[in-house]
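Following: one structure in structure tokens, then a few remarks.
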Amino acid sequence: MATNVYKRCFWLLRTLSRNGKLTFKEIQQKWEDSGSYDGKELNKRTFHLHREKVYEIFNVDICCDIEDNYKYYILDDSPLKNDKIIRWIYNSLNVSSVVMEGKMIPDRVLLEEIPAGTEYLETILKALRENQILEIEYQPFTEDMPKIHHVRPYCLKVYRQRWYVLGRFEEIGGIRHFSLDRALDIKLTDRKFNYPEDFSPKNYYRHAVGLYVDEKLTPQTIILRTYGLQSKYLRALPLHASQEEINKTQDFVDFKYKMIITPDLINELLRMTDTVEVLEPKELVKMVKDTAKGILNRYKKKIN
């Protein structure tokens, strides 16, 4: 029963998000047209119960415009549009809904493989809520044998479809990441830690692309010149929060950033191949050129 209510609340939220303002009768009609709820009628009492549940689950208020024929709608500044976690939940449910519908045509809905490790999320979230130290048996790609680490978890982060935990490793004595898909086992210990009051995950990553952060590095002004459709891709999905469009011609668009130079940034630039050119700083130009030369030399050896 609870699962059905959850699905119906999500349906209501998605319907209003897609269609804008709707009267109750219009919502009823879309409910009937959806054919997903065993022909059960959506009456006003059920509708208002679902409205309340939407607010409880998603923190999104479904408002009613009395002056516009009693139409229901979602505010433009609602958490659905401005809260990253709420958007993530909504988008994840949306994808799950599409995947379930795609079961009828499995050969025409193609999905990427998601690395393992999500089975540990519940344990990690409990550790984050209660500031409990984790015991992790971890097998890095760089080692032949797994190691046991005790970690004070600071935050969870998703990068390129992998889940990572950022925290202080007691055996190492510093802040590091570990990837959940490389964990062989994760357990809660009965030991607590004090979460540092001056630490903010958002601030920790504010000048970085990806995972790698070196607090000794100074953020630099980086200017990229993009060609073809790459400028549109970056407008739709910025490389970094500091992205600013500073120049536009028929042939190219220039973007400015404030970031630290890291291996993750270089990898992102190389992924754009010849659709992007680093203009500044010279240090980054050299690093990208040297990496590109290394790739070319590797292929030259095979050709020769």
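What follows draws every value from the coordinates through simple rules; no lab data is involved. All values reported here derive from a predicted model rather than from experimental measurement. We place every Cβ from the backbone using ideal geometry, glycine too, and count neighbours over all the protein chains shown.
The residues packed around residue 117, meaning those with a beta-carbon under 14 Å from its beta-carbon, carry a net charge of -2 if Lys and Arg are +1 and Asp and Glu are -1.
Computed about the Cα centre, the dipole magnitude for the range 220-303 is approximately 460 debye when only Lys and Arg (+1) and Asp and Glu (-1) carry charge, each at its Cβ.
Summed over all non-identical Cα pairs, the Kirkwood treatment of the chain gives a radius of 23.6 Å.
Under a model in which nothing but the beta-carbon of Lys, Arg (+1) and Asp, Glu (-1) is charged, the chain shows a dipole of about 540 debye around its Cα centre.
3J(HN,Hα) couplings calculated from phi for the range 67-76 with the Karplus curve 6.51 cos²θ - 1.76 cosθ + 1.60 (θ = phi - 60°) are, in sequence order, 6, 10, 6, 6, 8, 9, 7, 10, 4, 4 Hz; Gly and Pro show x. Each of residue 220 and residue 147 was given a label point 7 Å from its Cα along the Cα-to-Cβ line. The distance between the two points is 3.0 nm.
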